[in-house]
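Right, one structure below, let's go through it.
The values are calculated or read from the model by the stated rules, or taken from the named source; none is laboratory data. The structure presented is a predicted model; accordingly, all values stated were derived computationally and were not measured. Here Cβ is always computed from backbone atoms with ideal geometry, including for glycine, and neighbour counts include all displayed protein chains.
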Amino acid sequence: MGSFSIWHWLIVLLIVVMVFGTKKLKNMGSDLGGAVKGFKDGMKDGSAAADDKPAAPQQVANAAAEKTTIDVEAKQKS
């Protein structure tokens, strides 16, 4: 009773195809594949950046001193 037979899965697949249609399912599959590929590329880029040696403390201090902060004030429209 706990496991489904192949016939149960085929009926579920048939209902899903009837509800969504094959074109929409194809688009969802390609979107999912693109998302997985992008995630894998991001993981590779992240591990490559983590493997780089950190900058020397003096270089970090100089880089922080060169950056500027711009303060802005939001005003409401009347």
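Does region 58-74 contain any residue that is among the hydroxyl-bearing types (Ser, Thr, Tyr) and at pLDDT below 85?
Looking for residues that are among the hydroxyl-bearing types (Ser, Thr, Tyr) and at pLDDT below 85, one finds at least one in region 58-74, hence yes.
Could you tell me whether any residue of region 17-24 is of a type in the set (Phe, Trp, Tyr), loosely packed, with under 10 Cβ neighbours inside 10 Å and assigned to a helix (DSSP H, G or I)?
For region 17-24, residues of a type in the set (Phe, Trp, Tyr), loosely packed, with under 10 Cβ neighbours inside 10 Å and assigned to a helix (DSSP H, G or I): absent.
If you go through region 26-57 one residue at a time, how many are of a type in the set (A, V, I, L, M, F, W, C) and at pLDDT below 60?
First, pick out the residues of region 26-57 that are of a type in the set (A, V, I, L, M, F, W, C): 28, 32, 35-36, 39, 43, 48-50, 55-56.
Still in the running and at pLDDT below 60: 50, 55-56.
Counting residues in region 26-57 that are of a type in the set (A, V, I, L, M, F, W, C) and at pLDDT below 60 gives 3.
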